[in-house]
1. Report the percentage of all Cα-Cα pairs in the stretch 31-77 whose separation exceeds 17 Å, rounded to a whole percent.
2. Can you tell me the FRET efficiency between residue 102 and residue 46 if r is taken as the Cβ-Cβ distance and R0 is 22 Å, rounded to the nearest 0.05?
3. Per residue, how many Å² of accessible area does the chain show with a 1.4 Å probe?
4. In the calculated pair distance distribution of the chain, what percentage of Cα-Cα distances lie above 26 Å?
5. For an R0 of 22 angstrom, estimate the FRET efficiency from the Cβ-Cβ distance between residue 2 and residue 57 and round to the nearest 0.05.
6. In whole percent, and with a 1.4 Å probe on the protein chains, what portion of the accessible area of the stretch 1-65 is carbon and sulfur?
7. Grab the beta carbon distance between residue 39 and residue 74, set R0 = 22 Å, and tell me the FRET efficiency rounded to 0.05.
8. Note down the nm distance, to one decimal, between modelled labels 7 Å out along Cα→Cβ at residue 29 and at residue 86.
Amino acid sequence: QVQLVESGGGLVQPGGSLRLSCVVSGTSSSIQMMGWYRQAPGKQRELVATITNGGTRNYADSGKGRFTIARENAKKTVYLQMNSLKPEDTAVYYCNVLITFRAYWGQGTQVTVSS
């Protein structure tokens, strides 16, 4: 059974940085797409960034220039480096992967940006 375990969330001051990690287990198949989404209270879940198994990256406008997504295929791990964090980045961040055209989600990690 495919499982995704996120880590790295927490409380950070505005302007600070966090690095999220997501480890995928329970599959030997190639992971076509890895990504991060977020959901703030009262809002819909939205895309943050994705990266294909070929390394093509896609970012939401809100994170361009501040967030960097990366993956280590051998470790089945995806990272999200978040710099210059703002209060509006506060949300639960979810890892998402696409394996043989099926999507899987992690349980989420809370990121709170506040002074």
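1. On the way: 403 of 1081 pairs.
Every Cα pair in the stretch 31-77 considered, those over 17 Å come to 37 percent.
2. For residue 102 and residue 46, the calculated efficiency is 0.55.
3. I get 54 Å² per residue for the chain.
4. Above the 26 Å cut-off, the chain has 14 percent of its Cα pairs.
5. On the way: r = 23 Å, r/R0 = 1.03.
Result of the calculation: an efficiency of 0.45.
6. Ligands and nucleic acids excluded, carbon and sulfur give 45 percent.
7. With R0 = 22 Å, the Cβ-Cβ based efficiency is 0.15.
8. Rounded to a tenth, the inter-label distance reads 3.8 nm.
The values are calculated or read from the model by the stated rules, or taken from the named source; none is laboratory data. Model, not experiment: these values are computed from the prediction. Please note: Cβ atoms are built from the backbone with ideal geometry, for glycine as well, and neighbour counts cover all protein chains shown. Side chains included, ligands, DNA and RNA excluded: accessible areas come from the protein's heavy atoms. Shrake-Rupley method; radii C 1.70, N 1.55, O 1.52, S 1.80 Å.
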